[in-house]
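Some notes on the structure that comes next.
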Amino acid sequence: MNKRILIVVANYYEQISKGLLENAKKSLPKSVKTKLIKVPGVFEIPVIIAKNIKKYDGFIALGCVIRGETPHFNFISKATIDGIMKISIENKKPVGNGIITCLNQKQALSRKKKGREAAKAVLSVLDNF
């Protein structure tokens, strides 16, 4: 597979994002060309993907949102996932969703395999193009 994939990772929870990224990278064949862009939080992921939509065959979105004491968690999670889905559908390009939403850091740390799942999802869709 000779494809180009952009990985966009939110570093708000750096330790969690690092685990997601490592697992995603391990799942990609060496023939896939990747570029990494780091953003402060998951809310910035859709705009980076949109800006780079014509340069890549697929995208992997990685990051974490942990529920706090306010409804902010709900707004950020929904806006980000809706934005990613809209970009994917409108541009007919796969976006692997490796953005995890958790109730606490312990949950988040145990879900780093989601990076691998997001990478595999993008590869699977690209195989069908």
The condition from (1) out of contact with any Gly (no Cβ under 9 Å at 6 or more places or on another chain); (2) at pLDDT below 95 that residue 111 misses is numbered (1)
Counting only residues that are of a type in the set (Ser, Thr, Tyr) and crowded, with 16+ Cβ neighbours inside 10 Å, region 40-77 contains a total of 2
Some residue of region 11-23 being closer than 18 Å to residue 120 by Cβ, at pLDDT 95 or above, surrounded by 17 or more Cβ atoms within 10 Å (Cβ to Cβ) and in contact with a Ser or Thr (Cβ under 6 Å, 6 or more places away or on another chain)
no
Do any helices (runs of 4 or more DSSP H) lying entirely in region 13-91 carry at least 2 residues that are touching a Pro at 6+ places or on another chain (Cβ under 8 Å), small (Gly, Ala, Ser) and within 21 Å of residue 117 (Cβ to Cβ), and which ones are they?
72-91
Residue by residue through region 26-39, note down the ones that are of a type in the set (Lys, Arg), within 14 Å of the chain's Cα centre (by Cα) and either closer than 14 Å to residue 3 by Cα or surrounded by 19 or more Cβ atoms within 10 Å (Cβ to Cβ) (or both).
35
Residue check, residue 100 crowded, with 18+ Cβ neighbours inside 10 Å, β-branched (Val, Ile, Thr) and in contact with a helix residue (DSSP H, G or I) (Cβ under 7 Å, 6 or more places away or on another chain):
yes
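The values are calculated or read from the model by the stated rules, or taken from the named source; none is laboratory data. The shown structure was predicted, so the numbers you read here are calculated from the model rather than taken from an experiment. Note: ideal-geometry Cβ built from the backbone for every residue, glycine included; neighbour counts use all protein chains shown.
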